[in-house]
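Trainee: Pasting a structure below so you can have a look.
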Amino acid sequence: MLLWLLSTVLAILAAYIVQGWLRQALKRPKPLLAFGPLAVGGFTWGSLVSSVAVLSIAAAPLPFPVGFQNLVAPVLWVSSIVAAVLAIVGLLWRRAWWMFVICGALMTAATLPIQYGWITAAGFRPGIVWREELLVVAGAVMTFGYAVGWWLALADSALQGGRQLLWRLGAAALMGLTLLAGQEITSLAAGLLAQVGSVYQYQVPAAVLALVGGAALPLLLFVLLLDLEIRRQSQRRKRRGMDTSHIMVRKREKRRSRTREA
């Protein structure tokens with residue numbers, strides 16, 4: 001139960017942070033300059049996808065220890081980050097509602113194979129027999145949830161106005177729960193409860209990776225959130241300074257005009 005609760009909190013918080021870094025990227029004048037914030041957002045979301053996958057497997061009520069293949073585990077983690085960066089980049093060129101659908105499909109394509117890969121990397125016995133119809137359902141649910149989540153995150157009400165925080169939190173909650181729902185459906189499609197063992201239980205234990213994901217990821221999210229807030233405060237001070245400078249210039253011009261009239 002605690003692992004499920006932890007996964008929920010991490011998913012929503014990470015989605016909120018990814019949206020913040022995407023907004024930072026959208027403020028850059030050129031796409032090339034936006035790569036830094038996009039890379040941070042992709043790293044955050046990719047790490048989340050792998051962490052949730054591992055936590056989900058570790059939280060399953062299995063009567064045997066689970067492990068993952070040595071080489072496959074780091075490859076899956078890195079692959080999830082690279083795929084997330086590529087999926088998020090498409091949001092820079094959003095023009096209409098169908099672009100959000102495409103971006104949702106890209107994020108699903110960056111998520112579902114990773115979830116599939118983590119389950120396969122455990123080497124379950126007697127072996128996974130996938131229910132393909134449930135994989136299709138998982139893909140459809142995630143595509144829809146991601147598309148609506150990004151639309152909410154980048155809507156005018158989320159970028160401007162007095163209810164920005166509510167829109168952003170709603171978008172983060174939707175995206176985080178979408179990831180968790182997709183993971184649950186994927187696990188159901190694999191039929192984990194029918195398995196009796198894990199071939200790689202002594203190579204990379206799931207308990208160790210769950211500890212890393214459950215401890216290291218929250219620290220990473222806290223650092224990224226703090227960095228994001230510092231950047232926001234700095235940008236606000238710059239805007240206030242520019243506004244103040246404009247007011248001072250106007251006052252000087254008025255004084256000069258009054259002096260000339262006198």
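Quick note: the coordinates plus some simple rules give every number you see, no bench work behind them. Because the structure is predicted, anything quoted here is derived from the model rather than measured. Don't worry about glycine lacking a Cβ; one is built from the backbone with ideal geometry, like all the others, and counts go over all protein chains shown.
Trainee: For the pair Gln69/Leu188, report the inter-label distance in nm, with labels modelled 7 Å from Cα in the Cβ direction.
Mentor: 2.8 nm
Trainee: Give me the angle, in degrees from 0 to 90, between the Cα long axis of helix 132-154 and the longest principal axis of the Cα atoms of the chain, rounded to the nearest 10.
Mentor: The helix 132-154 is inclined about 10 degrees to the chain.
Trainee: Using the per-residue mean of other Cβ atoms lying within 10 Å as a proxy for protection, in what order, highest first, do the peptides 105-117, 190-202, 40-52 fall?
Mentor: Details: 105-117: 22.1, 190-202: 15.9, 40-52: 25.4.
Listed from highest to lowest mean packing, they are 40-52, 105-117, 190-202.
Trainee: Pulled fully out, how much extra length does the chain show between Leu86 and Ala109, if you take 0.36 nm times their separation in residues and subtract their Cα-Cα distance? Mind dumping the intermediate values first?
Mentor: Working: separation 23, 0.36 × 23 = 8.28 nm, distance 1.04 nm.
In short, 7.2 nm is gained.
Trainee: Measure nothing fancy, just the Cα-based angle from helix 206-261's long axis to the longest principal axis of the chain, in degrees from 0 to 90, nearest 10.
Mentor: 10 degrees
Trainee: Give me the angle, in degrees from 0 to 90, between the Cα long axis of helix 164-190 and the longest principal axis of the Cα atoms of the chain, rounded to the nearest 10.
Mentor: Around 10 degrees separate the two axes.
Trainee: Then there is this: Please report, to one decimal in angstroms, the Kirkwood hydrodynamic radius of the chain built from all distinct Cα-Cα pairs.
Mentor: Working: mean 1/r = 0.0501 Å⁻¹.
Here the Kirkwood hydrodynamic radius works out to 19.9 Å.
Trainee: Amide H of Val199 versus every other amide H placed in the peptide plane: which residues, excluding those fewer than 5 positions away on the same chain, fall under 5 Å?
Mentor: HN-HN under 5 Å from Val199: Phe124, Arg125.
Trainee: While we're looking at this one, here's another question. Subtract the Cα-Cα distance of Trp130 and Ala60 from 0.36 nm times their separation in residues, and report this length gain in nm to one decimal.
Mentor: Details: separation 70, 0.36 × 70 = 25.20 nm, distance 1.71 nm.
Extra length from Trp130 to Ala60 when fully extended: 23.5 nm.
Trainee: Distance in nm between label sites at Tyr202 and Leu169, each 7 Å beyond Cα in the beta-carbon direction?
Mentor: Between Tyr202 and Leu169, the simple spin-label model gives 5.0 nm.
Trainee: A further question on this structure: May I ask you to order 226-233, 19-26, 131-138 by the average number of other C-beta atoms within 10 Å around their residues, highest value first?
Mentor: Numbers: 226-233: 12.8, 19-26: 21.4, 131-138: 14.9.
Highest mean packing first, the order is 19-26, 131-138, 226-233.
Trainee: Something else about it: Suppose a student asked you for the relative contact order of the chain, using Cα pairs under 8 Å spaced at least 6 residues apart; what percent would you report?
Mentor: Numbers: 362 pairs, mean separation 74.3, N = 262.
Answer for the chain is 28 percent.
Trainee: Follow-up question, since we're still on this one. At 222 nm, what value in deg cm²/dmol follows for the chain if DSSP H runs of at least 4 each add -39500 (n - 2.57) and the sum is divided by all its residues, to the nearest 500? Please list the in-between numbers first.
Mentor: Values: 8 runs with 203 residues, N = 262.
One gets -27500 deg cm²/dmol as the mean residue ellipticity at 222 nm.
Trainee: Once Lys and Arg get +1 and Asp and Glu get -1 on their Cβ, which of Ala172, Phe64, Leu225 lies farthest toward the positive end of the dipole of the chain?
Mentor: Leu225
Trainee: Under a Cβ-only charge scheme (Lys and Arg +1, Asp and Glu -1), can you give me the dipole magnitude of the chain about the Cα centre, in debye to the nearest 20?
Mentor: Values: 25 positive and 9 negative charges, 505 e Å.
About 2420 debye.
Trainee: Arranged from highest to lowest average of other beta-carbon atoms within 10 Å per residue, in what order do the peptides 178-187, 28-37 appear? Can you show the working numbers first?
Mentor: Values: 178-187: 22.5, 28-37: 13.0.
Going by the mean number of other Cβ atoms within 10 Å, highest first, we get 178-187, 28-37.
Trainee: Once a ≥ b ≥ c are taken as the square roots of the eigenvalues of the Cα gyration tensor of the range 130-230, is the result rounded (a/c under 1.5), prolate (a/b larger than b/c) or oblate (a/b not larger than b/c)?
Mentor: On the way: a/c = 4.53, a/b = 1.48, b/c = 3.06.
It comes out oblate by the Cα gyration axes.
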